[in-house]
Amino acid sequence: MNKIKLQEILKQFFNEDIGDGDLSSETIFSRIDQGSFTFYAKEDGIFCGATIIETGFKLLDPFLNITLLKEDGDEVHKGDQIAIIEGSLQSLLSGERVILNLIQRMSGIATNARKAVELTKGTNAKICDTRKTMPGLRMLDKYAVRTGGAYNHRSGLYDCIMLKDNHIAFAGSISKAVQLAKSKIGHTVKIEVEIETKEQLLEAIEAGADIIMFDNRTPEEIKQWLPLVPKHITTEASGGITLDNLRKYAESGVEWISLGSLTHSVNALDISALVKRKDVE
């Protein structure tokens, strides 16, 4: 994860939440009032967000003492302690909500990614995400996917050419779209083509696509069409795939399965904070 980029993201989030000052904390506590937060899991899952805790609280107050009890990718169970943060009550309370929001979301993504990976065991299929991330959170969302054991698809519009139905419609055909793309890129950039019919599949193969995505096709259709795809072309299934039908897609023989639900339909993992003042036993 890009630590410099992370700091800039967190600064933006803290500025949004704190504004010109935390009225609640600053009116009740002084800078010398001390205490601690213990972050703990309220349900089972996969933890993700250690760097958020460390970087976030240190941005607010470099004198806070942070003890991480879980690392990214660790299983957590209800009641498990995740981290203890000690120091100024003002700093602890000012950072609590932003940091909890992020680690709950990231842990939810990691948990779902781990479930998806487990469902593909015994097959050759690999799970990856999509660009269906929350704006401003893509780096964190995709990091959480990796933490759960899955893989990242392209990071954005800049690192892979993906020719979808609208690109193909405007270009006139798959062949024209691929030809135009190939004429303007270097050898390190791959071209993925989205197909929905057998005719489109054959056209994409002939055009020289590097990756073929079976879009909204059934596992039975994919299994039937896969023998037509040369070994050097990577295959991917996407669209309408959930944890309920994922196993059938994995058993079709496709190499990659992309799941938008990993990041666009996040169920945050329930994590909370136990508070203790230093002068109260």
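The values are calculated or read from the model by the stated rules, or taken from the named source; none is laboratory data. As the structure is a prediction and not an experimental result, all values here were calculated from the model. Cβ placement follows ideal geometry from the backbone for every residue including glycine, while neighbour counts extend to all protein chains displayed.
Structure data summary
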| read-out | value |
| --- | --- |
| Members of the range 192-209 found to be in a loop (DSSP other than H, G, I, E, B) and not small (Gly, Ala, Ser), listed by number | Glu196, Thr197 |
| Those residues of the range 125-136 which are over 19 Å from Ser238 (Cα atoms) and either free of Cβ contacts under 8 Å to residues at least 60 places away in the same chain or touching a Gly at 6+ places or on another chain (Cβ under 8 Å) (or both), in sequence order | Pro135 |
| Yes/no for Glu75 being under 24 Å from the mean Cα position of the chain (by Cα), more than 30 Å from Leu259 (Cα to Cα) and among the acidic types (Asp, Glu) | no |
| Candidate set from the range 210-250 (those that are in contact (Cβ under 8 Å) with a residue 60 or more places away in the chain and not in a strand (DSSP E or B)); member that is farthest from Arg114 (Cα to Cα) | Tyr249 |
| Spans of helices (runs of 4 or more DSSP H) in the range 1-87 with at least 3 residues under 23 Å from Asp141 (Cα atoms) | 3-18, 50-60 |
| Residues satisfying the stated conditions in the range 58-104, i.e. among the hydroxyl-bearing types (Ser, Thr, Tyr) and out of contact with any Phe, Trp or Tyr (no Cβ under 9 Å at 6 or more places or on another chain) | Thr67 |
| Among the candidates Asp141, Asp210, residue that is acidic (Asp, Glu), under 30 Å from Ile9 (Cβ atoms) and at pLDDT 95 or above | Asp141 |
| Flag if Gly73 is at positive phi, modelled with pLDDT of 95 or more and not assigned by TED's automatic domain parsing to the domain that holds Ile32 | no |
| Test: residue in the range 227-249 that is more than 29 Å from the chain's Cα centre (by Cα), buried (at least 18 other Cβ atoms within 10 Å of the Cβ) and not polar (S, T, N, Q) | yes |
| Per-region count, the range 164-178, residues in contact with a helix residue (DSSP H, G or I) (Cβ under 8 Å, 6 or more places away or on another chain), closer than 16 Å to Leu202 by Cβ and not β-branched (Val, Ile, Thr) | 3 |
| Subset of the range 258-276 that is assigned to a strand (DSSP E or B) and either without any contact (Cβ under 8 Å) to a residue 24 or more places away in the chain or in contact with an Asp or Glu (Cβ under 7 Å, 6 or more places away or on another chain) (or both) - its residue that is nearest to Phe47 (Cα to Cα) | Ala273 |
| Residues that are at pLDDT 95 or above and of a type outside the set (S, T, N, Q), drawn from the range 263-272 | Ala268, Leu269, Asp270, Ile271 |
| Odd one out for Leu269, checked against (1) in contact with a Cys (Cβ under 9 Å, 6 or more places away or on another chain); (2) over 30 Å from Leu93 (Cα atoms) | (2) |
| Subset of the range 103-121 (residues that are free of Cβ contacts under 8 Å to residues at least 60 places away in the same chain and in a helix (DSSP H, G or I)) | Met106, Val117, Glu118 |
| Meets criteria (under 15 Å from Gly45 (Cβ atoms), surrounded by 23 or more Cβ atoms within 10 Å (Cβ to Cβ) and modelled with pLDDT of 95 or more) for Ile99 | no |
| Residue check for Thr27: more than 17 Å from Leu274 (Cβ to Cβ) and modelled with pLDDT under 95 | yes |
| Selection status of Ala144, closer than 15 Å to His264 by Cα and surrounded by 17 or more Cβ atoms within 10 Å (Cβ to Cβ) | yes |
| Those residues of the range 138-182 which are assigned to a helix (DSSP H, G or I) and among the aromatic types (Phe, Trp, Tyr), in sequence order | Tyr143, Phe170 |
